[in-house]
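Read the structure below first, then the notes.
The values are calculated or read from the model by the stated rules, or taken from the named source; none is laboratory data. Keep in mind the model is a prediction, meaning the values are calculated, not measured. We place every Cβ from the backbone using ideal geometry, glycine too, and count neighbours over all the protein chains shown.
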């Protein structure tokens with residue numbers, strides 16, 4: 001290490017890069033089946049690689065979540081996830097303008113968001129933001145290096161971008177893989193999760209809650225569908241039916257908690273998973289959704305359409321399979337249909 005400017009020697013730099021890439025290879029070969037955590041560990045190593053390549057104090061990898069219209073990172077300050085609206089900050093600017101951005105005087109840059117510095121006491125002196133694309137040339141995230149170490153403590157557009165491109169390239173491939181997986185868990189029409197997303201969430205999150213050794217934690221679910229939905233398609237056409245599905249899924253999203261899961265089960269059927277919720281509390285949530293749907297109007301072109309929904313509610317019995325629990329709720333939904341529809345059956 002050059003003690004004058006704190007810059008590693010070529011041999012030290014190369015050895016550190018090889019060490020990180022070896023760890024990357026090991027992570028990719030020895031995954032434990034938890035894909036989300038696997039991606040998180042890989043991104044952490046890639047962040048360390050980029051930090052090493054440009055000799056910066058900090059680095060972070062930002063994902064552009066186009067579904068949620070936000071940018072987020074978990075590696076910026078080592079604590080919690082940081083979210084910002086898409087199109088904002090230096091990361092948003094780099095993605096919007098499709099170019100690498102460097103500022104060596106961030107506090108006088110109108111696009112720099114100093115809120116993190118204010119809350120942590122960190123002082124940002126220089127920033128490099130490099131947009132990252134997938135194999136189709138679509139920008140999907142950005143790589144950010146903070147505070148150049150050594151020399152004049154300023155990032156160089158030519159030299160540092162050339163160095164960072166290696167980590168950015170691998171990051172792009174990894175993020176594309178993660179994005180593809182995330183897309184496979186979502187319904188394209190309604191943008192809520194689908195049946196694959198349901199099983200992923202249930203096995204990864206909800207089984208842990210049901211088997212919590214510290215406390216008995218109830219998990220409930222309800223299954224619901226739109227009454228006489230076929231009549232909407234037959235009367236107004238499938239585009240109107242699609243509008244109704246988007247309308248109802250939006251109401252479902254707005255009437256459940258952040259910790260709850262809402263899924264399109266198929267056709268006009270939806271399922272909600274509600275952690276730390278008794279059957280009575282789940283019925284209250286279902287009733288709130290039922291009233292919201294009944295009192296709403298779905299507007300499509302020059303149409304104003306009304307709809308109602310029927311619900312079957314159950315508390316999950318962990319001694320039987322999730323499929324059998326769903327059947328219990330589905331039987332109650334069938335009873336709701338027989339009872340005149342637009343009703344919650346517990």
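Odds and ends about this structure:
- Identity of the residue in region 198-223, in contact with a strand residue (DSSP E or B) (Cβ under 6 Å, 6 or more places away or on another chain) and in a helix (DSSP H, G or I), that ends up surrounded by the most Cβ atoms within 10 Å (Cβ to Cβ): 198
- Some residue of region 302-322 being within 30 Å of residue 215 (Cβ to Cβ) and assigned to a helix (DSSP H, G or I): yes
- Flag if residue 116 is within 27 Å of the chain's Cα centre (by Cα) and surrounded by 13 or more Cβ atoms within 10 Å (Cβ to Cβ): yes
- Restricted to region 255-270, and to residues there that are at pLDDT 95 or above and over 22 Å from the mean Cα position of the chain (by Cα), the residue that is surrounded by the most Cβ atoms within 10 Å (Cβ to Cβ) is 268.
- Here the condition is being free of Cβ contacts under 8 Å to residues at least 40 places away in the same chain and either farther than 26 Å from residue 188 by Cβ or surrounded by 15 or more Cβ atoms within 10 Å (Cβ to Cβ) (or both); of 273, 252, 291, it holds for 291 alone.
- Among the residues of region 83-116, those that are farther than 27 Å from residue 137 by Cβ, in contact with a strand residue (DSSP E or B) (Cβ under 8 Å, 6 or more places away or on another chain) and in a helix (DSSP H, G or I) comprise 106, 116.
- Pairs meeting the criteria (first residue in region 212-239 and within 19 Å of residue 339 (Cβ to Cβ), second residue in a loop (DSSP other than H, G, I, E, B), beta carbons under 7 Å, at least 6 apart or on different chains) are 225/268; 226/268; 226/307; 227/307; 227/308; 227/341; 227/342; 229/268.
- Residues of region 99-113 that are farther than 17 Å from residue 58 by Cα and buried (at least 19 other Cβ atoms within 10 Å of the Cβ): 100 alone.
- Flag if residue 123 is touching a strand residue (DSSP E or B) at 6+ places or on another chain (Cβ under 6 Å), assigned by TED's automatic domain parsing to the domain that holds residue 58 and either outside any strand (DSSP E or B) or closer than 22 Å to residue 87 by Cα (or both): no
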